[in-house]
Amino acid sequence: IFFRTARFTQLAGGHFWLSESPEIPASKSWDSSLPRMVSWVLLNDHQNESGRPILLVNTHFDHRGKVARLESARLIRQRISTLQTIAGNPHVIVTGDFNTAEASAPYEALVSENPQLVDTYRQMHPDRQQDEGTFGGWRGVTSGGRIDWILADPDCKVISATIENTPTADGRYASDHYAVTALLETH
């Protein structure tokens, strides 16, 4: 997680693993194929001194384990709730490669079952389109599921949200996934 130190001060931060033993580094559980983790940081925004801090959570879900993705979503939801209580109800932003599409059980666990998070892209683009896929496989494919998301608490105003699926000037792609962006305003 990178942030501008001229604008933000880190109040706290840490990591936990997406497993039944989240404090044990490199642990894995359920049907996960690889150890996966979460990094988080609690930030104070110098441009909004009277406002709430921002809790930023970033993750990468297992690409094979269906149960692991659902349990990872549940674990993140539980940890966010704990961190919100400890930190005095900060704004929450969750980013990641979730390796599962919208309307899946992990998505529902984070968004539909958790009214404290909204899908920034879907808020700006309420109607699903055929070209919303975020895994391009280095080939420019835009079909398929939107498996990379930016979620935020409803108090964050979504100004814009995009999927950056155009190649660079030389025709290459920066990653096998497309960048997803969201411009948010907090108070």
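The values are calculated or read from the model by the stated rules, or taken from the named source; none is laboratory data. Values in this document were obtained by computation on a predicted structure and should not be read as measured data. Ideal geometry is used to build each Cβ from the backbone, glycine not excepted, and the neighbour counts take in all protein chains shown. Just so you know, the surface numbers come from the protein's heavy atoms only, side chains and all, with ligands and any DNA or RNA stripped out. Shrake-Rupley method; radii C 1.70, N 1.55, O 1.52, S 1.80 Å.
Observations
- If the condition is being open to solvent by 30 Å² or more (accessible area, probe 1.4 Å) and over 13 Å from SER32 (Cβ atoms), then the stretch 59-79 contributes ARG74, ARG77, GLN78, ARG79.
- Being of a type outside the set (S, T, N, Q), modelled with pLDDT of 95 or more and farther than 22 Å from ALA179 by Cβ is a property that does not hold for ALA87.
- Applying the set (1) farther than 20 Å from TRP149 by Cα; (2) surrounded by 18 or more Cβ atoms within 10 Å (Cβ to Cβ) to LEU56 leaves exactly one unmet item: (1).
- Residue list for the stretch 22-53, restricted to those being in contact with a helix residue (DSSP H, G or I) (Cβ under 6 Å, 6 or more places away or on another chain) and open to solvent by 30 Å² or more (accessible area, probe 1.4 Å): TRP30, ASP31
- Counted residues, the stretch 134-157 - those being out of contact with any strand residue (DSSP E or B) (no Cβ under 8 Å at 6 or more places or on another chain) and not in a loop (DSSP other than H, G, I, E, B): 0
- Matching option when the condition is farther than 18 Å from ARG146 by Cα and modelled with pLDDT of 95 or more, among ARG79, ARG69: ARG79
- Members of the stretch 82-113 found to be over 25 Å from ARG128 (Cα atoms) and either assigned to a loop (DSSP other than H, G, I, E, B) or in contact (Cβ under 8 Å) with a residue 12 or more places away in the chain (or both), listed by number: LEU83, GLN84, ALA87, GLY88, ASN89, PRO90, HIS91
- Residue count for the stretch 151-187 satisfying the condition of being open to solvent by 40 Å² or more (accessible area, probe 1.4 Å), modelled with pLDDT of 90 or more, out of contact with any Lys or Arg (no Cβ under 9 Å at 6 or more places or on another chain) and among the aliphatic types (A, V, I, L, M): 3.
- Pairs, first under 30 Å from PRO90 (Cβ atoms) and assigned to a loop (DSSP other than H, G, I, E, B) in the stretch 164-187, second open to solvent by less than 40 Å² (accessible area, probe 1.4 Å) and hydrophobic (A, V, I, L, M, F, W, C), C-beta under 7 Å, six or more apart: TYR178/ILE163; THR186/ILE54; THR186/CYS156
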